[in-house]
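Below is one structure, written out as structure tokens, with a few remarks after it.
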Amino acid sequence: MLDSLLAVGGLVLLRDSVECEGRSLLKALIKKSALRGEQIHVLGCEVSEEEFREGFGPDINSRVVYHDLFKDPLNWSKSGEAVPEGPLGTLRTLCRRTDPGPVTIALDSVSWLLFHLPCITLCKTLHALSQPSVSSGADSLVDQVRVLGLLHEELHGPGPMGALSTLAQTEVTVSGKMGQTSASILYRRPQQRATYQTWWFSILPDLSVDLREKLPLHSELHPDPHTTQVDPTTDLTFNLHLSKKEREARDSLTLPFQFSSEKQQALLRRGPGQTTSHIFYEPDAFDDVDQEDPDDDLDI
């Protein structure tokens, strides 16, 4: 599961809720990326650096660069330890990164950034952040960039959620049911139909993932699993379906505008006591009667 989530770059949204947190999965993805030799940048906003680094070994922590916005996000203390330009300045600094090789950027969390930055500004920055960087030199190699964003979906309305969803190449919805954790993954790949897959798993204390069950991968014509499907036939004041008796009564009914053969015979049949009618026309003295062909001037 982790390999499929880290297979391509771009934005990976981890959507969690109050019932099931997603920070453990975020840290598991960070550990997997670090073991692959990638440089890790973490923008920490909701927990302290010490708490976030818990569970990582020395080899993982050595690859994690932690940008602390938890202690003093607005730099009120003027101690120099906080980020001087705030969260937006940190994001823009990450956009101008110069680290060679693939880079993974973890945002803990996107929800915190949404409360401190305009949605449009954040979306533009995330788009710029998730673009591949071209390394300088004769070879001009393109380095893959991956952005892992933790999003508390219960805190936001459909507008911000929809805007972030359009930016994401992969969406993971973490949920819990009967003591088990599931990840509903929506993959969006260029020039491919979106696919949807569900995994049941658990996070071990060493931040490794124990996979329990994998449901088959399938395509969706409307792949977004978070869109509520509304049945338009609910709560109607009339019935859209007919019973067998009602259908037979409808089929036997002759509509008033339907000119059937029976109606034609009834109009042509002479009833009892009816005589043939004639129309007599006597021209008036002022009638303009032209005996010539009225169309003689036409070349026909």
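The table that follows gives values for the structure above.
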quantity	calculated
DSSP bridge orientation in segment 1-215 - percent antiparallel, rounded to nearest 5	45 percent
Distance between modelled label sites at E54 and R193, nm, 7 Å Cα→Cβ extension	4.5 nm
Under 28 Å from the Cα of K71 - lysines, other chains or at least 8 residues apart	K27, K31, K32, K124
Rounded to whole Hz, the Karplus (6.51, -1.76, 1.60) HN-Hα couplings of segment 48-65, x for glycine and proline	6, 5, 5, 5, 5, 7, 5, x, 8, x, x, 5, 6, 4, 5, 9, 9, 9
Apportionment of accessible area to carbon and sulfur, segment 1-215, percent (1.4 Å)	54 percent
FRET efficiency for R250 and H127, using Cβ-Cβ distance with R0 set to 51 Å, rounded to 0.05	0.35
Whole-Hz couplings from phi, Karplus 6.51/-1.76/1.60, listed for segment 247-254; x for Gly and Pro	5, 5, 5, 5, 5, 7, 8, 9
Rough spin-label spacing in nm, given labels placed 7 Å along Cα→Cβ, for T166 and S277	6.8 nm
Per-residue HN-Hα couplings for segment 160-166 [Karplus 6.51, -1.76, 1.60; θ = phi - 60°; Hz; x = Gly/Pro]	x, 5, x, 5, 5, 5, 5
Surface accessible to a 1.4 Å probe, E154 within the full protein complex, Å²	100 Å²
Long-range HN-HN contacts of L11 with modeled amide H, under 5 Å	V147, Q169, T170
Pairwise Cα inverse-distance average, inverted: Kirkwood Rh of segment 1-215 (Å)	17.8 Å
Per residue, in Å², the accessible surface of segment 1-215 once ligands and nucleic acids are set aside, probe 1.4 Å	48 Å²
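The values are calculated or read from the model by the stated rules, or taken from the named source; none is laboratory data. Quick caveat, the model's predicted, so the values are computed rather than measured. Please note: Cβ atoms are built from the backbone with ideal geometry, for glycine as well, and neighbour counts cover all protein chains shown. For accessibility, only protein heavy atoms count, side chains too; no ligands or nucleic acids. Shrake-Rupley method; radii C 1.70, N 1.55, O 1.52, S 1.80 Å.
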